[in-house]
Amino acid sequence: MIIKSLKNNIPLSQYIDKYKAIIEENLLRLLGPSEITPVTLYQSMHYSLFAGGKRIRSILCIASAEAVGGAIGDVIHIASAIEMIHTYSLIHDDLPSMDNDDLRRGKPTNHKVFGEATAILAGDALLTLAFTTLSDISVLSNIPPEKALHVINEIALSSGHYGMVGGQQIDMESQGKRIDISSLEQMHMKKTGALIRASVRSGGIVGGAAPPRLLALTEYGENIGHAFQIADDILDVEGSIEDVGKTIGKDIAQNKNTYPAMIGLDESKALEKSLIDRAIEALNDFDESADPLRMIAKYIVERKR
Ligand code: GRG
């Protein structure tokens, strides 16, 4: 199905491709020249940063800024920093001591190519590069300092033990145990939802959203973040290895707490649909500048990878 933008009538895929190209060019610039030593560390960072990610978090950041009157130039470095944090989290998530995955985005995982120690360091270096970027005065010169600090703080909070890292710890500790649905929700709000929420809010803050608009964007971000995880769980059951690019059926094999395992496939699909409806409803007061956000919400549950 082709999801169309109401504003320009361009397919979402075209919108995503356009921004993906800009984000990737910027990521390459921020990573620096390939001669940077140690070369192996650079190659390991480059390998995962350009392994074919959907760039959904960075595109969300840009689309949120645009929805409130901001422009891509205001947020491109923030969007890129978020992509670095996301990439680091996937490298570390795949490690033998965590999910022990051999395949990510259809390619061997970072540690399979570069070894475990280099993969750990590449993740560390990407996380650090994100905050080097976010705190670079020359890079952020177009953003008022208090806004820049607000955004850096939001991204840091969403990535660390209050957010993604905390969620990962809960996930590890709950494996093999049965948890209830509200604990599952709490875990995913931190592990997956927090960075998605921060991506949307950062774009809104820098784009100049007034408080009620920022609240609406927050509601949008929380709902799509929740739906994103359910969609990911469903893909682990129904997706194909060719589309998803990683081992399928691992959640069931590892007896993981997932939505399909807890409430069944049909109810999981009904839940993700109601979350997407709620996300789109949150944008009721926005004009057609928010169409990309509306389209991305639908894409999140219709995606095949
Ligand atoms: C190890 C600190 C640390 C955190 C790991 C996010 C995360 C926490 C682990 C990823 C595990 C996972 C597969 C979660 C499901 C949702 C998710 C983050 C999927 C991958 O994100 P996509 O689909 O990936 O945006 P691409 O490849 O498109 O960039």
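Throughout, read-outs are computed from the coordinates displayed, never taken from laboratory work. What you see is a predicted model; the values in this text were computed from it and never measured. Using ideal geometry, Cβ is built from the backbone for each residue, glycine included, and neighbour counts are taken over all protein chains shown.
Please compute the length gained on full extension between K250 and K54, using 0.36 nm multiplied by the number of residues separating them and subtracting their Cα-Cα distance.
68.4 nm
Round to the nearest 0.05 the FRET efficiency obtained for E185 and F131 when R0 = 30 Å and r is the Cβ-Cβ distance. Write out the running numbers ahead of the final one.
Working: r = 29 Å, r/R0 = 0.96.
For R0 = 30 Å, the calculated efficiency reads 0.55.
Ranking T218, T37, T192 by Cβ neighbours within 10 Å, fewest first, what do you get?
So the residues, fewest neighbours to most, are T37, T218, T192.
Fully extended, how many nm does the chain gain between S174 and Y162 (0.36 nm per residue separation, minus their Cα-Cα distance)? All intermediate terms of the calculation are to be shown ahead of the outcome.
On the way: separation 12, 0.36 × 12 = 4.32 nm, distance 1.72 nm.
Roughly 2.6 nm would be gained on extension.
Quick one: compute a quarter of the convex hull surface over the Cα atoms of region 10-98 and quote it in nm².
Mean projected area of the Cα convex hull: 6.7 nm².
Could you state the orientation-averaged shadow area of the convex hull built on the Cα atoms of region 12-297, in nm² to one decimal? Don't skip to the answer; put the middle values down first.
Details: hull surface 56.6 nm².
Reported value for the Cα convex hull: 14.1 nm².
Please report Rg over Rh for region 86-235, where both radii come from the alpha carbon positions and Rh follows the Kirkwood definition.
1.00
Please list the non-local residues whose amide H lies under 5 Å from the amide H of R104, H modeled 1.01 Å from N, same-chain partners needing a gap of 5 or more.
Those qualifying (amide H under 5 Å, at least 5 residues apart or on another chain) are T109.
Mind giving me the FRET efficiency for E238 and M262? R0 is 22 Å, r the Cβ-Cβ distance, nearest 0.05 is fine.
0.85
May I ask you to list, by number, the DSSP H helices of the chain whose Cα span along the axis is at least 18 Å and whose average Kyte-Doolittle hydropathy reaches -0.5 or more?
12-31, 72-93, 116-134, 145-159, 194-207, 211-238, 265-282
Which residues does a label at S34 reach in region 71-107, if reach means a backbone N under 12 Å from a point 7 Å past the Cα toward the Cβ?
none
Points 7 angstrom from Cα along the Cβ direction at S274 and L215: gap in nanometres?
Computed distance between label sites S274 and L215 equals 2.3 nm.
From Cα pairs below 8 angstrom and at least 6 apart in sequence, can you work out the relative contact order of the chain, rounded to a whole percent?
23
Debye calculation, C-alpha points only, no solvent: report log10 I(q)/I(0) for region 106-178 at q = 0.19 Å⁻¹, in the same order as the q values.
-0.94
Hey, what did region 127-210 get for relative contact order, percent, Cα under 8 Å, at least 6 apart?
34
Considering the dipole of region 12-297 built from charges on the beta carbon (Lys and Arg +1, Asp and Glu -1) around the Cα centre, which of M295, T109, P212 is farthest to its positive end?
My answer, from the dipole projection, is T109.
Let me have the 222 nm mean residue ellipticity of the chain computed from DSSP H runs of 4+ only, each contributing -39500 (n - 2.57), with the sum over all residues rounded to the nearest 500. Write down the numbers at each step before the final one.
Details: 16 runs with 208 residues, N = 305.
Calculated from helices alone, the mean residue ellipticity at 222 nm is -21500 deg cm²/dmol.
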